[in-house]
Amino acid sequence: MRNLFKTIALVALVGVTLPAAAEMKIAVINYERAVMESDAAKRHSAEMEERLGSQVQRLQNLEREMRRLQERGQAERDRLEQDELEKLELEFRQRAREREQQAQQLQEAKQAADRQMLEQLQPRLNSVIETIIDSNDYDLVLDASAVVHVTPDRDITNQVIERLNSSR
């Protein structure tokens, strides 16, 4: 009996909300794509590659050095004395710690720069989205990550990217 009441209540609720939703003008935006495909994000990415390129190169050099040490240790394991093997292992661990520290510093620098870029871009992005919402009289705009399916005519992401890129 209790399940019957729940079912009736659910049917009534769906029956009331579906006609209301049909009258609403709904759009979807993929915020992440709008940001990442903007000219500002592309410029930021190029600047980060240039600015952090030397750190990436140092990281790659450390990784090559670690591989060289590991290969040498494996190839010469039978010929090297115990103290030489321990010296190789110690050097490998030191390079691994150094690589880990540099990787963390590189990641932190990139995340800080990304946050700064997003903070600068966010007001423009919000303004562009508000303009599109107002000019098209949307009642509801959803983030694409919360939507299972959307038809292309409801997706305003490309409009946002175009206006964002032209609103410098």
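The values are calculated or read from the model by the stated rules, or taken from the named source; none is laboratory data. This one's a predicted model, so the numbers in the text were calculated from it and none came from an experiment. So basically every Cβ, Gly included, is an ideal-geometry build from the backbone, and we count neighbours across all protein chains shown.
For (1) more than 30 Å from Arg95 (Cβ to Cβ); (2) surrounded by 12 or more Cβ atoms within 10 Å (Cβ to Cβ); (3) modelled with pLDDT under 55, each residue gets a yes or a no:
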residue: Ala9; (1), (2), (3): yes, no, yes
residue: Glu23; (1), (2), (3): yes, no, no
residue: Glu32; (1), (2), (3): yes, yes, no
residue: His44; (1), (2), (3): yes, yes, no
Could you please find all residues in region 88-127 being basic (Lys, Arg) and loosely packed, with under 13 Cβ neighbours inside 10 Å?
-> Arg93, Arg97, Arg115
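Checking the structure you have, find out if any residue of region 34-44 is in a helix (DSSP H, G or I), over 30 Å from Leu142 (Cα atoms) and not small (Gly, Ala, Ser).
Within region 34-44, none of the residues are in a helix (DSSP H, G or I), over 30 Å from Leu142 (Cα atoms) and not small (Gly, Ala, Ser).
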Out of all the residues in region 54-66, is one or more farther than 30 Å from Lys42 by Cβ and either in contact with a Lys or Arg (Cβ under 6 Å, 6 or more places away or on another chain) or not in a helix (DSSP H, G or I) (or both)?
-> yes
Residues of region 43-58 satisfying the condition of being within 17 Å of Ala103 (Cα to Cα) and not β-branched (Val, Ile, Thr) = Met48, Glu49, Glu50, Arg51, Leu52, Gly53, Ser54, Gln55, Gln57, Arg58
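Condition check ((1) under 30 Å from Glu119 (Cβ atoms); (2) touching a Pro at 6+ places or on another chain (Cβ under 8 Å); (3) surrounded by 11 or more Cβ atoms within 10 Å (Cβ to Cβ)) across all residues:
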site	(1), (2), (3)
Glu47	yes, no, yes
Glu50	yes, no, no
Met66	no, no, yes
Leu69	no, no, yes
Arg79	no, no, no
For Gly73, which of the numbered conditions (1) closer than 29 Å to Leu52 by Cα; (2) without any contact (Cβ under 8 Å) to a residue 60 or more places away in the chain; (3) in contact with an Asp or Glu (Cβ under 8 Å, 6 or more places away or on another chain) fails to hold?
-> (1)
Answer from Asp143, Asp153, Asp137 - the residue that is under 30 Å from Val28 (Cα atoms) and in contact with a Lys or Arg (Cβ under 8 Å, 6 or more places away or on another chain) | Asp137
So which residues in region 137-149 are surrounded by 11 or more Cβ atoms within 10 Å (Cβ to Cβ) and either modelled with pLDDT of 90 or more or not β-branched (Val, Ile, Thr) (or both)?
-> Tyr138, Asp139, Leu140, Val141, Leu142, Asp143, Ala144
What is the one condition in (1) under 13 Å from Ala27 (Cβ atoms); (2) among the hydrophobic types (A, V, I, L, M, F, W, C); (3) assigned to a helix (DSSP H, G or I) that Leu125 does not satisfy?
-> (1)
Residue by residue through region 46-74, note down the ones that are acidic (Asp, Glu) and farther than 30 Å from Leu88 by Cβ.
-> Glu47, Glu49, Glu50
